[in-house]
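Below is one structure; the comments refer to it alone.
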Amino acid sequence: MSTSYLIKNVSVLGGTPTDLLLEDGVIAEGSSEEAEVIDATGLIALPGLVDLHTHLREPGREDAETVESGTRAAALGGFTAVHAMANTEPVADTAGVVEQVWRLGREAGYCDVFPVGAVTVGLQGAQLAELGAMADSAARVRVFSDDGKCVHDPVLMRRALEYVKAFDGVVAQHAQEPRLTEGAQMNEGELSGRLGLAGWPAVAEEAIIARDVLLAEHVGSRLHVCHLSTAGSVEIVRWAKARGVDVTAEACPHHLLLTDELAATYDPIYKVNPPLRSAADVEAVKAGLADGTIDIVATDHAPHPHEDKDCEWAAAAFGMLGLETALSIVQQTMVDTGLLDWAGVAERMSYAPARIGRVSDQHGRPLEVGEPANVVLYDPTATRTVDPAESASLSRNTPYRGMELPGRVVATFLRGKATVLDGKLA
Ligand SMILES: [Zn+2]
């Protein structure tokens, strides 16, 4: 018999304090003598967070992250489900690989792992992968992405959008026009010229998003835009939604807080794809997330071993850790600024990503009696200084090291089982 928990005096989505009983994997009615009592005075309860964009690196780059280490980091960040991107070695482009990742997630048990299937064989952009076989596999793949690379060929993109309709899937596009970004290192602007680093222009992202929303409209399919980072991208998605296109979009925590000015340090900890943009872009992305043009926050958690980051800028890998700091960054940039309330955070970090990934039978559920007990308890009044050495990730590439961030995940429950208690892995 599993432990049950009585969470006392918790503010669900920031509302009036109440009690929550977690029993037999669900939120139960009333009270229980046997339940372990947690005094949650001052804490907020949110539905377990769902990340639509995580790199777990296994199979193939277990020096950077494993399914187990990445899902430990996820649980510590308040997540109960993550979608694992397909750019592993081998690439997750067959039923065999996605089932392997899915099984590793179940064995680790820290949060549910939903594998993302590659759109094209080997992420090579030449031939469609076995999308149907991945959808029919035990992993039930519904999100397909060549993330890390753009599905650039418009014919392949069109065929992928048509194909996934058969099983209610979605193509998640890494929008990067390859010819416009050859050798690109940072946001294109006055600063890239001054620093002598090749520019990654906003138009290379915006041109692909504009094309893809039109393709999605043309074939009547569902499109998701990964890590949208520019003011122009927000405008295009806003226009497409007003037109009735079935498009959703995500923003990453780092694009809500950090700007391209950090490239002036030449510290590759700030090198990411798409790059950190201008302060005006950051403001536009925040406004888009606040008004719902951008549907979700996704971490793009991208672990890299130190030898791939502790080198000169041009040689360094793109990417940043994100799972353990996402909720704090969203609090700092969106909640503490009055742009979102906690219900809005639940929508963008749990309900909406679960809907887009078609996992909302179990995740992204309201905290109500009878629902799965996927819950995070969060203390918004706490502060902490980010120490990379304390991360559960096997990698250390957090751009927030040494920064004081608001908030602390106190506990995470996956189907009523504590994965995190008192801020530590249970
Ligand atoms: Zn990407």
Calculated [θ] (222 nm, deg cm²/dmol) that DSSP helices of n ≥ 4 give over the chain, each run adding -39,500 (n - 2.57):
-7500 deg cm²/dmol
What are the trypsin sites (Lys or Arg not before Pro) within segment 275-348 that DSSP puts in a loop, where the Cβ has at most 16 other Cβ atoms within 10 Å?
none
Mean-position separation - Cα centroids, segment 61-130 and segment 353-385, in angstrom:
21
Show me, for segment 129-142, the HN-Hα J-couplings you get by feeding each phi into the Karplus relation (A = 6.51, B = -1.76, C = 1.60, θ = phi - 60°), rounded to Hz, glycine and proline as x.
6, 7, 4, x, 5, 5, 5, 7, 6, 4, 7, 6, 5, 10
Would you kindly state how much longer the chain becomes between residue 107 and residue 368 on full extension, computed as 0.36 nm times their sequence separation minus their alpha carbon distance, in nm to one decimal?
91.2 nm
Taking 56 Å as R0, compute the FRET efficiency from the Cβ-Cβ separation of residue 337 and residue 127 and round it to 0.05.
0.75
Counting alpha carbon pairs within less than 8 Å and at least 6 residues apart, what relative contact order, in whole percent, applies to segment 48-363?
17
For segment 136-260, the spread of Cα positions along each principal axis, largest first, Å:
50, 33, 28
Applying 1/(1 + (r/R0)^6) with R0 = 25 Å to the Cβ-Cβ distance of residue 390 and residue 421, what FRET efficiency is obtained, to the nearest 0.05?
0.90
Once you have a ≥ b ≥ c as the square roots of the Cα gyration tensor eigenvalues for segment 37-165, tell me rounded if a/c is under 1.5, and otherwise prolate or oblate according to whether a/b is larger than b/c.
prolate
Using a basic spin-label model with each label point 7 Å from the Cα along Cα→Cβ, how many nm lie between residue 19 and residue 361?
3.3
For residue 378, tell me the accessible area in Å² from a 1.4 Å probe, rounded to the nearest 10.
0
Pseudo-spin-label distance residue 291 to residue 243, built 7 Å along Cα→Cβ, given in nm, is 1.8
When the C-alpha atoms of segment 70-124 are aligned to their principal axes, what extent does each axis show, in angstrom, from largest down?
34, 18, 14
Using a simple charge model, +1 on the beta-carbon of Lys and Arg, -1 on the beta-carbon of Asp and Glu, nothing else, what dipole does the chain show about its Cα centre, in debye to the nearest 20?
620
So what is the relative contact order for segment 194-351, in percent, with contacts set as C-alpha pairs under 8 Å and at least six apart?
22
Explain nothing, just compute: Karplus ³J(HN,Hα) = 6.51 cos²θ - 1.76 cosθ + 1.60, θ = phi - 60°, for every residue of segment 63-80 in order, whole Hz, x for Gly and Pro.
6, 8, 6, 10, 4, 5, 5, x, 6, 5, 4, 4, 4, 5, x, x, 8, 10
How high is the relative contact order of segment 54-210, in percent, with contacts defined as C-alpha pairs under 8 Å that are six or more residues apart?
16
Just reorder 12, 237 by solvent-accessible area, largest first, 1.4 Å probe, all chains present.
12, 237
Be a star and scan segment 259-290 for residues whose amide nitrogen sits under 18 Å from the point 7 Å along the Cα-to-Cβ vector of residue 190.
259-265, 277-283
Any chance you could run the full-extension gain for residue 218 through residue 283? It's 0.36 nm times the residue separation minus the Cα-Cα distance, nm to one decimal.
20.3 nm
What is the set of long-range amide H partners of residue 272 at a cut-off below 5 Å, with H atoms built 1.01 Å from backbone N?
319
In the structure shown, do any of 149/309; 286/417; 241/417; 149/417; 309/424 have a Cα-Cα gap over 30 Å, and if so which?
286/417; 241/417; 149/417
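The values are calculated or read from the model by the stated rules, or taken from the named source; none is laboratory data. Computed from a predicted model, the values in this text were never measured in an experiment. Cβ: placed from backbone, ideal geometry, glycine included. Neighbour counts: every protein chain shown. Just the protein is used for accessible areas: all its heavy atoms, side chains included, with ligands, DNA and RNA removed. Shrake-Rupley method; radii C 1.70, N 1.55, O 1.52, S 1.80 Å.
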